[in-house]
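Heads up, the thing below is written out as structure tokens.
The values are calculated or read from the model by the stated rules, or taken from the named source; none is laboratory data. Owing to the predicted nature of the structure, the values given are computational and were not obtained by experimental measurement. Backbone-built Cβ (ideal geometry, glycine too); neighbour counts: all protein chains shown. With ligands, DNA and RNA removed, areas are computed over all heavy atoms of the protein, side chains included. Shrake-Rupley method; radii C 1.70, N 1.55, O 1.52, S 1.80 Å.
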Amino acid sequence: MKVTIDGQEIDVEPGTTILQAARMIGGESVPPAMCYYSKLKGTGGKCRCCLVDVTKGSDNDPRPMPKLVASCVTGCQDGMEVASKKSERVREARNAVTEFLLINHPLDCPVCDQAGECDLQNLSFEHGKLQQRFIEDKRTFEPENIGPYIQLHMNRCIVCQRCVEVADQLTDGRVHGVLNRGDHSQISTCVSAAIDNEFSGNMIDVCPVGALTDKTFRFKSRVWFNKPFNAHRDCDKCCGKTTVWMFGNEIQRVTARKDEYHEVEEFICNTCRFDKKEVSDWVIEGPRKFEKDSVINQNNYTRKLDKVVINTEKGILEGREIDRKKISMAEIDYNEKIDGTNINSKKNG
Amino acid sequence: MGRKILLDKINVPGIKTYEVYRKEGGYASVEKALKKMTPDEVVEEVKTSGLRGRGGAGFPAGMKWSFIDKKSGKPRHLVCNADESEPGTFKDRYLMEYIPHLLIEGMITSSYALGANLSYIYIRGEYMWVYKILEKAIAEAKTAGWLGKNILGSGYDLELYVQIGGGAYICGEETALIESLEGNRGNPRIKPPFPAVQGLWQNPTVVNNVETIAAVPWIVNNSGADYAAIGIGRSTGTKLISASGNIKNQGVFEIDLGLSVYEFMNSDEYCGGMQTNRPLKALVPGGSSVPILPANLIYKTANGEDRLMTYESLSDGGFATGSMLGSGGFIVYDDRACIVRNTWNFARFYHHESCGQCTPCREGTGWLEKVLWRIENGQGREEDIDLLWSIQSKIEGNTICPLGDAASWPVAAAIRHFRDEFEYHVRFPEKIKNRDHFVAEPFEKVKHLVAKQTV
Ligand SMILES: Cc1cc2nc3c(=O)[nH]c(=O)nc-3n(C[C@H](O)[C@H](O)[C@H](O)COP(=O)(O)O)c2cc1C
Ligand code: SF4
Ligand code: SF4
Ligand code: FES
């Protein structure tokens, strides 16, 4: 079957969705996706970020479709023509969805641990507006303890339900899902239940925003201060192929490996994710590369950098030395707060 | 006098019971269908009748039935949508409460037509007493041999169950209803696949409204052609209208489609005119989700023709000058009604009922409600009216199911036709803060203030 997306033609198998076809083409025409996750069945259709304009249905049915469609759940037809990035209508719709998402998920990023890994941040970079039109009170939720490994920060959830699909498809004895309706919808567990299934950690990886975070890593470091390496170990529960995030010689976090669409390549077990934090637990394969403009590349060490010498008066650069030290965090004691008292990690988490 | 098809026997004493219903000719359609007709012939009659779905969308029932996948070899199901959660619509409850066997009879005949051996009536949780009535009727029908194995010795088997929902508007949307029936959270499914191909338990399923199914016995007993002779054009047959608001006679009426809105409003047989003879201000003709019409577009369409109670005439001119027949929830407002308050009230409902799956509806309905609340409470800003317009336009058409549209149309129509009233709210917050505004002093009397300000 032939489909044309933003003027680029591609041959696809029957059953391919428009989003998959766009990903095969790659580049700018690939619609953003906040709820679809190719590795999980039944995802997609919910966030409405991936709307595209089907300008021609198929050769047999040349009528323009009356509606924008969600590309992640709409199958290609032979001869279909789709406008994605090129369509004004599409841009408008995606801008609208972004504005809606930002109503209750403010980009006050310093309070969130997902900074640098947040798909919503990327989405709003492309589709956000400068001014906020929403002046009402935002929806807030009481913090809730859902288990030993995962921190739920409901105020940031965008109800994409990817984590619910993880719970459905990867774990047994599911205890978590969506409660309530509308903008009161919330991710929660059955009364008093904790999520402790061996594969539950994957919820953290699929969460597109900072609503589910890793309690063993939370606030240890900004992700761009970490250096990601591909690593593996012999694991009897999962593939054992991960990315380990190092700060100096310390493994601060372990995640599954993610592809260019921020989807995990293979799901991993909780043992690999939470319990194996010694360098000796892993065979380190080498540095992991990220997209050129990813914030994680702020700490790029895969590219050779020439030392930059700034020739200017000393006075102008005053303070810069000190800032550098702070940013490098080399001399910072993580167990101590600014006032000298020790950090109570439970309270901070 | 309009003819009665559904409500013909409603005043017969004891019609609720099986004995009386049967004595009055009940279950004849089952006998006729099972003994003298093939399932396809029943489908054909319904097609000929032109009967359109009475749940709101008005999709031709016979056509929907013919889409059901009979080749797959999978079991098929008929599901009756008795969720009836649209504000302003209360007709299905009336039918089920007063003549329950009509629905059961319709379910059997229709299930036979579809080749369904397991059918359901899905009823909203708040209709508990109606649920009990239906349970009793089903038990009576079963005892009398109209349900179960080998009905009337025809070789056809049918089990029929009533299932109560949790009382959520979204569970009236057909795919959410199916999810709920399966025991899941009532979230709409993404279509395609349509229920006719993959519905309940992945089996081919037809979902029809109570009133649609209740019309089938008459069609089978008389003929599709006789049914099609009633009404006008593609709006055939009779329709139940639940009328409420500032009219003399509130209640459920059966009309021939094609009756003029003027006659329906003013004749003693139906609404009986305005309560306390106050002027008519606005009308919602088809339940809370359809656009509101201002007085000048109620009796006449934009090009001066008489407005009729038909799918076509009520939607004449699209949303700019028309509305929809919808589910027939006819809500009448006199000059004391506050359109902003009413719109806020509807928005509050849609916000509360959005399932929360998709972004525009989940976030947009809440936003609409909040802005409308502010305007209605004297805290509106001038730019809020355009903001409302913009929000609703960003919900419409971008959602998984039509609840998003249902939330945005009433807001769009209210602004389109009653913008000056919104402006009055914004410019005279002090007058608005009295929650009884317009009751003592209808908007007509203060309208000039907005006009003056605009100049
Ligand atoms: C949000 C929403 C709520 C609905 N509620 C009802 C309802 O309460 N009763 C009903 O019959 N149809 C309802 N519908 C329409 C159904 O989805 C479906 O179209 C209808 O039951 C089909 O029956 P019909 O073809 O006989 O009208 C609703 C639709 C939406 C989008
Ligand atoms: S917690 Fe994260 S993954 Fe789960 S629904 Fe919310 S945003 Fe999606
Ligand atoms: S439009 Fe509203 S009710 Fe329908 S699926 Fe989306 S969130 Fe749910
Ligand atoms: S990615 Fe397609 S709707 Fe969310």
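A few notes on this one:
- Residue within region B:367-385 that is within 16 Å of ligand 2 (Cβ to nearest atom), within 23 Å of A:Glu136 (Cβ to Cβ) and within 13 Å of chain A (Cβ to nearest Cβ) present: no
- Condition check for B:Arg362 on (1) outside any helix (DSSP H, G or I); (2) without any contact (Cβ under 8 Å) to a residue 24 or more places away in the chain: one failure, at (1).
- Taking region B:222-243 as the range and being of a type outside the set (D, E, K, R) and either within 16 Å of ligand 4 (Cβ to nearest atom) or surrounded by fewer than 18 Cβ atoms within 10 Å (Cβ to Cβ) (or both) as the test, the residues that pass are B:Asn222, B:Ser223, B:Ala225, B:Ala228, B:Ala229, B:Ile232, B:Gly233.
- Single residue of region A:109-134 satisfying the filter (hydrophobic (A, V, I, L, M, F, W, C) and buried (at least 16 other Cβ atoms within 10 Å of the Cβ)) that is modelled with the lowest pLDDT: A:Ala115
- Condition met for A:Gly15 (touching a residue at least 60 places away in the same chain (Cβ under 8 Å) and either open to solvent by less than 10 Å² (accessible area, probe 1.4 Å) or at negative phi (or both)): no
- Selection of region B:342-352 for residues being within 7 Å of chain A (Cβ to nearest Cβ) and either open to solvent by less than 10 Å² (accessible area, probe 1.4 Å) or in contact with a helix residue (DSSP H, G or I) (Cβ under 6 Å, 6 or more places away or on another chain) (or both) yields only B:His351.
- Residues (of a type outside the set (Gly, Ala, Ser) and open to solvent by less than 10 Å² (accessible area, probe 1.4 Å)) located in region A:95-108: A:Val97, A:Thr98, A:Phe100, A:Leu101, A:Ile103, A:Asn104, A:His105
- When residues in region A:237-253 are screened for being part of a loop (DSSP other than H, G, I, E, B) and on the phi < 0 side of the Ramachandran plot, 4 of them pass.
- Any hit, region B:320-342, residues being within 16 Å of ligand 3 (Cβ to nearest atom) and either over 25 Å from the mean Cα position of the chain (by Cα) or in the same structural domain as B:Pro294 (by TED's automatic domain parsing) (or both): no
- Of all residues in region B:58-76, those satisfying the criterion of being in contact (Cβ under 8 Å) with a residue 60 or more places away in the chain, open to solvent by 40 Å² or more (accessible area, probe 1.4 Å) and of a type outside the set (Phe, Trp, Tyr) are B:Lys64, B:Asp69, B:Lys70, B:Ser72, B:Lys74, B:Pro75, B:Arg76.
- Among the residues making up region A:40-51, those that are away from ligand 2 (no atom under 13 Å from the Cβ) and in contact (Cβ under 8 Å) with a residue 40 or more places away in the chain are A:Lys41, A:Gly42, A:Arg48, A:Leu51.
- Region B:41-57, subset aliphatic (A, V, I, L, M) and within 14 Å of ligand 1 (Cβ to nearest atom), residue farthest from the other protein chains (Cβ to nearest Cβ): B:Val46
- Yes/no for B:Lys281 being crowded, with 20+ Cβ neighbours inside 10 Å and not aliphatic (A, V, I, L, M): yes
- The residue pairs whose first member lies in region A:132-153 and is assigned to a strand (DSSP E or B), whose second member is open to solvent by 90 Å² or more (accessible area, probe 1.4 Å), and whose beta carbons are closer than 9 Å, counting only pairs six or more residues apart or on different chains, are A:Gln151/A:Pro143; A:Gln151/A:Asn145; A:Leu152/A:Pro143; A:Leu152/A:Asn145.
- Residue in region B:299-308 that is under 18 Å from the mean Cα position of the chain (by Cα), more than 14 Å from chain A (Cβ to nearest Cβ) and away from ligand 3 (no atom under 16 Å from the Cβ) present: yes
- When B:Gly287 is tested against (1) without any contact (Cβ under 8 Å) to a residue 60 or more places away in the chain; (2) on the phi > 0 side of the Ramachandran plot, just one condition goes unmet, and that condition is (1).
- Check on A:Pro106, away from ligand 4 (no atom under 16 Å from the Cβ), facing chain B (nearest Cβ under 9 Å) and either at pLDDT below 85 or over 23 Å from the mean Cα position of the chain (by Cα) (or both): no
- Hey, A:Gly210 more than 20 Å from the chain's Cα centre (by Cα) and open to solvent by less than 20 Å² (accessible area, probe 1.4 Å) or not: no
- Matching residues, region A:157-175, being in contact with a strand residue (DSSP E or B) (Cβ under 9 Å, 6 or more places away or on another chain) and either within 16 Å of ligand 4 (Cβ to nearest atom) or open to solvent by less than 10 Å² (accessible area, probe 1.4 Å) (or both): A:Cys157, A:Val159, A:Gln161, A:Cys163, A:Val164, A:Ala167
- Single residue of region B:153-192 satisfying the filter (in a strand (DSSP E or B) and among the aliphatic types (A, V, I, L, M)) that is farthest from ligand 4 (Cβ to nearest atom): B:Leu158
- Test: residue in region A:219-230 that is within 30 Å of A:Ile103 (Cβ to Cβ), within 14 Å of another protein chain (Cβ to nearest Cβ), open to solvent by 50 Å² or more (accessible area, probe 1.4 Å) and not aromatic (Phe, Trp, Tyr): no
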